[in-house]
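A quick write-up on the structure given underneath.
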Amino acid sequence: MNRMVAAVAGLAFGLIAGAAAAQDYPWKPDRPITIIVPWAAGGSTDQMTRIVAAELEAELKQKFVVVNQPGASGSIGTKNALEAAKDGYTWAAGAAVDVGTYRVLGLLDTDLKDWRAFFAVANVSAIAANPAAGFKDFGDFLEKLKRDGDNIPVATAGLSSAGHNMMESIRAATPIKYKHVTYNGGAPAVVSTVAGETKAVSQLLVEMSEHIKGKRLVPLVVMAEKPVMLEGYGEIAPTVKWLPKMPAPMNYFGIWVHKDAPPAVIQTMEAVWKNKIAKSEAVQKYANARSAIFAPLFGDEAQAEAFKMIRYTAWLYFDAGKAKVSPDTLGIQRLQ
């Protein structure tokens, strides 16, 4: 009995301590916080953001409202976050490489250095095909793009999306063509291939994994240096098998707030990332199920890691003739 009383007392103390800890953050939001997802609902950014928002709500005891504002390769929603009051109540979400290359593409006058980034996962890009398209594997897909690429529609979420970046990486590595068909997000791009509107889709594996498991899509390749295991399906071959010299830097996803937000907001979120997100079973479960990589990074480490993909992609755009501004004028050096 004494042991039981002690256990109950210990549990009660733990709950009280936990509740107290939740109140010890320097920022105590007194109204809902908005996170703008600049892509359509159901895509990789939307999926990740809603899971993270639920974890933040539980920790800060305040509502986090996720709002989808797609358009112009994510720059419309990001612009709205950029122009919002710098009070910590408006955040943006997405892939760091997108916000890091907006200036290069002439889409928006901002880059990752303007924001304080908090990453949750790193996503793997992939290409999958409609089963009726008849591609035997990625090698067969490449050969058909070389011969008749102008007549092979490939869906992506648009300029600067992960899928478009992957296709441009492939084109830089080997002489191919493809008919680029753009959508307002990864989810509608994937659905277009499932429906047969396009023959293949180049987007993130997290956006197509359920369709692969359901045999509505056939995975051809992942942009990686080694095979990726998709839970409930099996192994998917990496690009290095056919294109050994094509780089495959990590693609980080998360949320961010303007650097001019109050210091208490930044300090609080850094503490929350350590206390909650870095230990989040919900985020880890999401990553494992979708073959993403659990990567709860923030601060200088987040900036440094994300900049590898930004450097690679910025020069990819420049070499393909799609950049409006030379990356070196923005202090973005080539990735060696």
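The values are calculated or read from the model by the stated rules, or taken from the named source; none is laboratory data. These figures come from a predicted structure and were not determined experimentally. All Cβ positions, even for glycine, are placed from backbone atoms using ideal geometry, and neighbour counts span all protein chains on display. Accessible surface is based on the protein model in full, side chains and every heavy atom, while ligands, DNA and RNA are left aside. Shrake-Rupley method; radii C 1.70, N 1.55, O 1.52, S 1.80 Å.
Tabulated results
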| read-out | value |
| --- | --- |
| Largest-first principal axis extents, alpha carbons of segment 191-233, Å | 30, 19, 14 |
| Only Lys, Arg (+1) and Asp, Glu (-1) charged, at Cβ; segment 14-169 dipole about Cα centre in debye | 180 debye |
| Amide proton proximity set for Ile35, modelled H, under 5 Å, gap of 5+ | Val65, Val66, Val67, Trp91 |
| Residue-wise HN-Hα coupling along segment 115-124, computed from phi with Karplus coefficients 6.51, -1.76, 1.60 (Hz; x: Gly, Pro) | 10, 9, 9, 10, 8, 10, 9, 10, 9, 9 |
| Label-point separation, Gln267 to Asn151 (7 Å along Cα→Cβ), nm | 6.5 nm |
| Normalised per residue, the volume of the convex hull around the Cα set of the chain (Å³) | 142 Å³ |
| Rg to Rh, two decimals, where segment 130-190 supplies the alpha carbon set and Rh follows Kirkwood | 0.95 |
| Nonlocal amide H pairs with Lys28, under 5 Å, H built at 1.01 Å | none |
| HN-Hα J in Hz across segment 101-106 - Karplus 6.51, -1.76, 1.60, θ = phi - 60°, x for Gly and Pro | 10, 4, 5, 4, 7, x |
| Segment 168-261: trypsin sites (Lys or Arg not before Pro) in DSSP loop, at most 11 other beta carbons within 10 Å | Lys215, Lys245 |
| Solvent-accessible surface ranking, highest first, for His164, His258, His211, His180 at 1.4 angstrom | His180, His211, His258, His164 |
| Dipole of the chain, positive end: most advanced residue of Phe141, Val201, Leu56 [Cβ charges, Cα centre] | Phe141 |
| In sequence order, calculated HN-Hα J values of segment 293-308 (Karplus, 6.51, -1.76, 1.60; Hz; x Gly/Pro) | 10, 5, 9, x, 9, 7, x, 4, 5, 4, 4, 5, 5, 5, 5, 4 |
| Placed amide H near Gly254: partners under 5 Å, 5+ positions off or other chain | Gly94, Ala96, Ala120 |
| Extension gain, Lys279 back to Asp328 (0.36 nm per residue minus Cα-Cα distance, nm) | 13.8 nm |
| Candidate residues Val222, Val325: accessible-area rank, largest first, probe 1.4 Å | Val325, Val222 |
| Carbon and sulfur %, accessible surface of the chain computed with the full protein complex present, 1.4 Å | 54 percent |
| Restricting segment 262-291 to trypsin sites (Lys or Arg not before Pro) in coil, as DSSP defines it, with at most 16 other Cβ within 10 Å | none |
| Alpha-carbon centroids, segment 86-151 and segment 53-82: separation in whole Å | 19 Å |
| Length added when fully stretched, Lys61-Lys213, from 0.36 nm per residue minus Cα-Cα | 51.1 nm |
| At R0 = 35 Å, FRET efficiency that the Cβ-Cβ distance of Ala195 and Glu225 yields, to 0.05 | 0.60 |
| Binned Cα-Cα distance frequencies in segment 211-336 - 5 Å width, integer % | 2, 9, 13, 15, 17, 16, 14, 10, 4, 1 |
| Modelled FRET efficiency - R0 41 Å, Glu83 with Tyr233, Cβ distances, 0.05 increments | 0.45 |
| Accessible area of Tyr233 in the full protein assembly, 1.4 Å probe (Å², nearest 10) | 110 Å² |
